Amino acid sequence: MDVFDAPGEEYDGPWILVSQGVLVFTGGVYLLLGLFTGGIYTLLPLLMVNDDPGMLIMIPFGILMLLLGLVVGGANLAAAYGLGQRTMWGYVIALIMAALYLPSGCMPFGALLAYGLLFDERTRKQFLK
C-alpha cells in the first residue's frame, strides 16, 4: 500500500505541476498574442492617414484575433487553476487543450499535457476517482 492510497490524500506529483506550468505559459502567450495582434490590426487602420478602404478588412480580423486569444488564453488559465484545485472540470479542459495542441505547432506542449494527464497513473487516479 502506497502513502497515496490512503483515503483523503491528494497527490502533488510532478506531472500535475508540469501540466499547470504548460497551461499557464501557453495561456499567457495566447493572451499576449491576442491583445497585441488584435489591438494592432484593429487600431492600425483607424489611425492611418490615408483613406484606403482595403485597410478596413483588417478590423474584423483584429477583433477575431483578440477574441480568439482571450478565449484560448482564458481556457488555458482556467484549466491550470482547475488542476491546482484538483477539480474534474480542470482536468477535462486540460485534456481538451492537449487534444487541440497535438496536431498543431504547439505539439510539444500538447504532448507534455497528454503524457502528464493520461499516462501518469497517479495523476490519472487523482482526477478519475
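Look at (1) modelled with pLDDT under 85; (2) among the aliphatic types (A, V, I, L, M); (3) under 14 Å from F127 (Cβ atoms) and you find that I57 fails only one, number (3). Would you point out the residue of region 1-25, among those that are at pLDDT 90 or above and open to solvent by 60 Å² or more (accessible area, probe 1.4 Å), that is farthest from the chain's Cα centre (by Cα)? For region 1-25, the residue satisfying everything is L17. For V29, the stated conditions hold: it is surrounded by 13 or more Cβ atoms within 10 Å (Cβ to Cβ), touching a residue at least 24 places away in the same chain (Cβ under 8 Å) and part of a helix (DSSP H, G or I).
The values are calculated or read from the model by the stated rules, or taken from the named source; none is laboratory data. Nothing here was measured: the structure is a model prediction, and the numbers come from that model. Note that we place each Cβ from the backbone using ideal geometry, even for glycine, and neighbour counts take in every protein chain shown. Calculation scope for accessible area: heavy atoms of the full protein, side chains included, ligands and nucleic acids excluded. Shrake-Rupley method; radii C 1.70, N 1.55, O 1.52, S 1.80 Å.
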